[in-house]
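Shown next, in structure tokens, is the structure this report addresses.
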Number of protein chains: 2
Amino acid sequence: MRIIAIMKSIEQRMAAAWRNKYIIRRALSTQILMSPQSLVSLDFPENWTPTPDSLRPPTLNCSGAQDAVTIDGKLIAEDIRSTVATEVKRMKEAIGKVPGLAVILVGQRRDSQTYVRNKIKACEEVGIKSLFHELPEDCPQDAVVSAVSSFSEDPSIHGILVQLPLPQHLDEVKILNALRLEKDVDGFHPMNMGNLAMRGREPLFIPCAPKGCIELLIRSGVEIMGKNAVVIGRSNVVGLPIALLLQRHHATVSVVHVLTDNPEEITSEADIVVAAAGVPNLVRSNWLKPGAVVIDVGTCPVEDPSSEYGYRLVGDVCYEEAVKVASAITPVPGGVGPMTIAMLLTNTLDSAKRAYQFV
Amino acid sequence: MRIIAIMKSIEQRMAAAWRNKYIIRRALSTQILMSPQSLVSLDFPENWTPTPDSLRPPTLNCSGAQDAVTIDGKLIAEDIRSTVATEVKRMKEAIGKVPGLAVILVGQRRDSQTYVRNKIKACEEVGIKSLFHELPEDCPQDAVVSAVSSFSEDPSIHGILVQLPLPQHLDEVKILNALRLEKDVDGFHPMNMGNLAMRGREPLFIPCAPKGCIELLIRSGVEIMGKNAVVIGRSNVVGLPIALLLQRHHATVSVVHVLTDNPEEITSEADIVVAAAGVPNLVRSNWLKPGAVVIDVGTCPVEDPSSEYGYRLVGDVCYEEAVKVASAITPVPGGVGPMTIAMLLTNTLDSAKRAYQFV
């Protein structure tokens, strides 16, 4: 199945290259290099095919070894939210202002709706003003850009969040480009990403999920510097920024992705594993070195009629197996999820402090 | 020696943290997170200590195995330069314009002087107009920014290159920020770096040395997709962008740096090794998997009175040993160096074509 997936990917890549006239252009005099002129022509969807391993049901390792410590993201996030609330109160009392967050949601994805609802609720609880702007699934590009631009100009708004993914017909790049860098609390602007990547540079915002992962590691007493870290997945919103951030913290980072030949082997050498592939139960016990610290960013919605919202969230890591091998692990839900929201609040607060020069 | 280096690094880091009042701030209410507020506070100089291995003299492996193919960067670069010359001629004949490159050199570093001289000579040979602006070692920040700004406004200049490293008293970040993104032919602007890192995005320019490495791999018939690649070193100018670029080409990338515990072990699992640490002969035969492809970006100037310029360039890889283990390898000089200059020419040409909308 893995080979089929790779073959399929190669086909897609060749098709993309053909569409971009890569091969045709190579024959022309204006094509000087053999490297592709367009990096986007190399991109294709990350269709992870579950390995035969991940299709197996969990077989618990009953060696009698100590279970991993559970890293309680919910508890840590509550602590952070409580301090944010205190800070918002202090700001309001001192200068009569509160931080403001605008949330834009296009379409009716159930999971996106839940995320947005949770973010707005979290804002309310800590005293951050939130404005919710909902647009229909089929709304034109201009309407979204216009909403983003309008919040960009509003001085009472310090953070703007466009809930991703957007419907297919919308151009994510153009929409995010309309977002003022100073209000990019998600940290997804390429300028922020470049500054996150480069030593000696400082991004205005660190993306929320990666920032939450690092905070979980630090608060759990996990040393990052000099450790081997493997990031599974290379999305712009999690895999890429967490790899860059771990590197800024001096881990030795390897990024495993859908085309990696031997992901289990590479991952099983890591002291810290961050799983962000979006594939339920991808990481089994044989992917993990005994004693590894496992951060599970995966939150794949799986149909579950018995749940309040009709689905439940499943992580990338087979928890039942991993807990017997790892030294510490985040659960799903209750791990990285609550931290991501807490980091959104801290980013919005920081942005407001910067705007009002409030220390 | 390795342990001493690590201890020293930790001390430096702690000192930096202390200077940034990281520890003090943690006790205050405004410090919500335990993660450092400033990523720059985590940075310290990359003082690689040669491993005992790299102090050993080369002991040639005489197993009778076939020597590696030498990847002739000089020859490939000449081919590219010749095509650039044809394109510049075509542009001149069609629209009466040629690409223009401005080179700014501050101070009198001998190696920088050589690099700049070579770049200007290469421009002349292909018909690219070059302007050379030299500033004294002790010139004020404003003078450099002013030179950059003036070239940024000049419509006949399509590329601006500030030769790095700059003297200690100058603020590299501020100087490079004055450089128009459309003329950043070195590709060092954080916006370019972010767009290089992010899937679905396109940088205006890919940094020259990394772009040259990929071109060497492709022209040598080396498959990158799905291969394990190790990048040694994480500088903003080479290590970081080559890692990002290899990832865009779908390699599984690990970045080994000065704080990596087991660089030999990780490197010895790579199909493609890019050495960019700047430490002469760091990579010995025991770092390499038999059959690996080795790209040596290291060009460390070593005193040599017998050489024309008083020094010679030495790579990061112990060539005599590596050639017996690798399947292909770039020499120093004559490998990545000439390609870096050739890529500067293609970036400048591309920039001029974009400016004049010449296809």
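The values are calculated or read from the model by the stated rules, or taken from the named source; none is laboratory data. Just so it is clear, the model here is predicted, and its values are computed rather than measured. Methodologically, a virtual Cβ is constructed for each residue, glycine included, from the backbone with ideal geometry; neighbour enumeration extends over all protein chains shown.
Of B:Ala270, B:Ala277, B:Ala229, which residue is more than 9 Å from every other protein chain (Cβ to nearest Cβ), within 14 Å of B:Glu46 (Cα to Cα) and modelled with pLDDT of 95 or more? Lay out the reasoning, then the answer.
Working: B:Ala270 fails: within 14 Å of B:Glu46 (Cα to Cα); B:Ala229 fails: within 14 Å of B:Glu46 (Cα to Cα).
After ruling out the rest, the residue left standing is B:Ala277.
Take the stretch B:292-310 and flag every residue that is modelled with pLDDT under 85 and under 20 Å from the mean Cα position of the chain (by Cα).
B:Pro301, B:Val302
Give the stretch A:221-261 a look and list any residue that's of a type in the set (Gly, Ala, Ser) and on the phi > 0 side of the Ramachandran plot, or say none.
Just the residues of the stretch A:221-261 that are of a type in the set (Gly, Ala, Ser), to begin with: A:221, A:226, A:229, A:233, A:235, A:239, A:243, A:251, A:254.
Within the stretch A:221-261, A:Gly221, A:Gly226, A:Gly233 qualify.
Only one of these conditions is not met by B:Val231: (1) over 30 Å from B:Ala355 (Cβ atoms); (2) part of a loop (DSSP other than H, G, I, E, B); (3) without any contact (Cβ under 8 Å) to a residue 60 or more places away in the chain; (4) touching a Gly at 6+ places or on another chain (Cβ under 6 Å). Which number is it?
B:Val231 satisfies every listed condition except (2).
Which one of the conditions (1) assigned to a helix (DSSP H, G or I); (2) buried (at least 22 other Cβ atoms within 10 Å of the Cβ) does B:Lys353 fail to meet, given that it meets all the rest?
Condition not satisfied by B:Lys353: (2).
Take the residues in the stretch B:225-255 that are of a type in the set (A, V, I, L, M), within 23 Å of B:Ala326 (Cβ to Cβ) and in contact with an Asp or Glu (Cβ under 9 Å, 6 or more places away or on another chain), then tell me which one is surrounded by the fewest Cβ atoms within 10 Å (Cβ to Cβ).
Filtering the stretch B:225-255 for residues of a type in the set (A, V, I, L, M) gives B:225, B:229-232, B:237-238, B:240, B:242-246, B:251, B:253, B:255.
Still in the list and also within 23 Å of B:Ala326 (Cβ to Cβ): B:225, B:229-232, B:238, B:242-243, B:245-246, B:251, B:253, B:255.
Restricting the remaining residues to those that are in contact with an Asp or Glu (Cβ under 9 Å, 6 or more places away or on another chain) gives B:229-230, B:232, B:251.
On the way: B:Ala229: 25, B:Val230: 31, B:Ile232: 31, B:Ala251: 28.
It comes out as B:Ala229.
From the list B:Gly221, B:Gly200, which residue is outside the structural domain of B:Val253 (by the TED database), in a loop (DSSP other than H, G, I, E, B) and without any contact (Cβ under 8 Å) to a residue 40 or more places away in the chain? Step through it out loud before you land on a result.
Values: B:Gly221 fails: outside the structural domain of B:Val253 (by the TED database).
The match here is B:Gly200.
Of everything in the stretch B:152-175, what is in contact with a Gly (Cβ under 9 Å, 6 or more places away or on another chain) and in a helix (DSSP H, G or I)? Give them in sequence order.
Residues satisfying the conditions are B:Glu172, B:Val173.
Which condition breaks for A:His133 when tested against (1) assigned to a helix (DSSP H, G or I); (2) surrounded by 14 or more Cβ atoms within 10 Å (Cβ to Cβ)?
Unmet condition: (1).
Of these, A:Leu282, A:Leu246, A:Leu240, A:Leu288, which one is at the interface with chain B (Cβ under 7 Å from one of its Cβ atoms) and touching a helix residue (DSSP H, G or I) at 6+ places or on another chain (Cβ under 9 Å)?
On the way: A:Leu282 fails: at the interface with chain B (Cβ under 7 Å from one of its Cβ atoms); A:Leu246 fails: at the interface with chain B (Cβ under 7 Å from one of its Cβ atoms); A:Leu288 fails: at the interface with chain B (Cβ under 7 Å from one of its Cβ atoms).
On inspection, the qualifying residue turns out to be A:Leu240.
Please list, ordered by first then second residue, the pairs with beta carbon atoms under 6 Å, 6 or more apart or interchain, first in the stretch B:73-87 and buried (at least 19 other Cβ atoms within 10 Å of the Cβ), second part of a helix (DSSP H, G or I) and basic (Lys, Arg).
Note: pairs meeting the criteria are B:Ile76/B:Arg219.
Inside the stretch A:177-196, can you point out the residues that are at the interface with chain B (Cβ under 10 Å from one of its Cβ atoms) and either buried (at least 22 other Cβ atoms within 10 Å of the Cβ) or small (Gly, Ala, Ser) (or both)?
Scanning the stretch A:177-196 gives A:Phe188, A:His189, A:Pro190, A:Asn192, A:Met193, A:Gly194, A:Asn195, A:Leu196.
Return the residues of the stretch B:203-214 that are within 9 Å of chain A (Cβ to nearest Cβ), more than 12 Å from the chain's Cα centre (by Cα) and either surrounded by fewer than 23 Cβ atoms within 10 Å (Cβ to Cβ) or assigned to a loop (DSSP other than H, G, I, E, B) (or both); say none if nothing qualifies.
B:Pro203
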